[in-house]
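Below is one structure; the comments refer to it alone.
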Amino acid sequence: GVIIAGDMADQGLESQLHQVANAWFKVFPRNKGLNGKRTEKLFIYGNHDVQAATWPGVINEVGAETADAQNIGKRPAEVWKKCFREEYNPIWMKTINGYHFIGAHWHDGNIPGLSDFLQEHRQELQGEHPFFYIQHPHLQNTCNGPWAWGQDDGTVTRLLSQFPNAVAFSGHSHSPLNDDRNFWQDAFTSIGTASLSYLYPMPARENTHQDDSAITPPTQMANMNCHDGRQGMVMRVYENAISFERREFVYDQPV
């Protein structure tokens, strides 16, 4: 399976999501990998996917007519099915080799219906084996701590705290994988996925840029430009352990 924790179409345009889908089916024709085994799309919408086409900067760049006609957020289910050839569900569950993966598409604030969904599937999810949960914003006060940009409202943190075997994945902040705060373990496990586009290290002595932030760290080092950073992970799930290989894809090196 391949997890993308949201923000596939930067400007929320259907044509951009088609680029993602075309790349997927080129690598995984008929959803099968090189060994002929089925490979699952574990994708969710992020805020860019369903909101960006209404942002003034996007409208100015692509034009109001294009932004309106290609706005994914106006027809999320229709565009999803056209691109990925599967039905759209606001919350979905897929099972791979006996392991359950739950994905929740972007929604402002709390994820509607998630509490009922987890309760409905509680018997399947409880146990010694992990299950995996995917949403776009970081779960409040988990990975990257209270400093992470764009956390949710804390509801999902409370819900997953009932499941010590839960492993949550989230993106949104673009925090790079060499920041060990991307990995959090307490009541459950929460992991930041970094980004395949650009990276945002948290402001500190390094003086990195932070979007929409009033943080003004002291100037002690030169500003780092991480715009070309592209990172991701290979996860391997064993009977009694999970390993993560952190990769940087510009130079194809381990992080």
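When residues in region 63-107 are screened for being within 17 Å of residue 170 (Cα to Cα) and among the hydrophobic types (A, V, I, L, M, F, W, C), 7 of them pass.
Of the numbered criteria (1) under 21 Å from the mean Cα position of the chain (by Cα); (2) over 21 Å from residue 7 (Cα atoms); (3) at pLDDT below 90, the one residue 210 fails is (2). Kindly indicate whether any position in region 32-51 is more than 23 Å from residue 1 (Cβ to Cβ), in contact with a helix residue (DSSP H, G or I) (Cβ under 7 Å, 6 or more places away or on another chain) and surrounded by 16 or more Cβ atoms within 10 Å (Cβ to Cβ). Within region 32-51, one or more residues are more than 23 Å from residue 1 (Cβ to Cβ), in contact with a helix residue (DSSP H, G or I) (Cβ under 7 Å, 6 or more places away or on another chain) and surrounded by 16 or more Cβ atoms within 10 Å (Cβ to Cβ).
Restricting region 1-47 to residues that are at pLDDT 95 or above, among the charged types (D, E, K, R) and over 15 Å from residue 85 (Cβ atoms), the residue that is farthest from the chain's Cα centre (by Cα) is 10. If you check 127, 63 for being small (Gly, Ala, Ser) and either within 24 Å of residue 185 (Cβ to Cβ) or surrounded by 21 or more Cβ atoms within 10 Å (Cβ to Cβ) (or both), only one passes: 127.
Within region 1-22, the set of residues being outside any strand (DSSP E or B), under 14 Å from residue 197 (Cβ atoms) and out of contact with any Pro (no Cβ under 9 Å at 6 or more places or on another chain) comprises 5, 7, 8, 9, 10, 11, 16, 19, 20.
The residue that is nearest to residue 97 (Cα to Cα), counting only those in region 226-255 that are surrounded by 10 or more Cβ atoms within 10 Å (Cβ to Cβ) and in contact with an Asp or Glu (Cβ under 6 Å, 6 or more places away or on another chain), is 231.
Tell me, yes or no, whether region 59-73 has at least one residue that is in contact (Cβ under 8 Å) with a residue 60 or more places away in the chain and not aliphatic (A, V, I, L, M). Scanning region 59-73, I find at least one residue that is in contact (Cβ under 8 Å) with a residue 60 or more places away in the chain and not aliphatic (A, V, I, L, M), so the answer is yes.
Within region 29-58, the set of residues being without any contact (Cβ under 8 Å) to a residue 24 or more places away in the chain and farther than 25 Å from residue 107 by Cα comprises 29, 30, 31, 32, 33, 34, 35, 36, 37, 38.
The values are calculated or read from the model by the stated rules, or taken from the named source; none is laboratory data. What you are looking at is a predicted structure, and each value in this text was computed from that prediction instead of being measured. For neighbour counting, all protein chains shown are included, and Cβ atoms are generated from backbone atoms with ideal geometry for every residue, glycine included.
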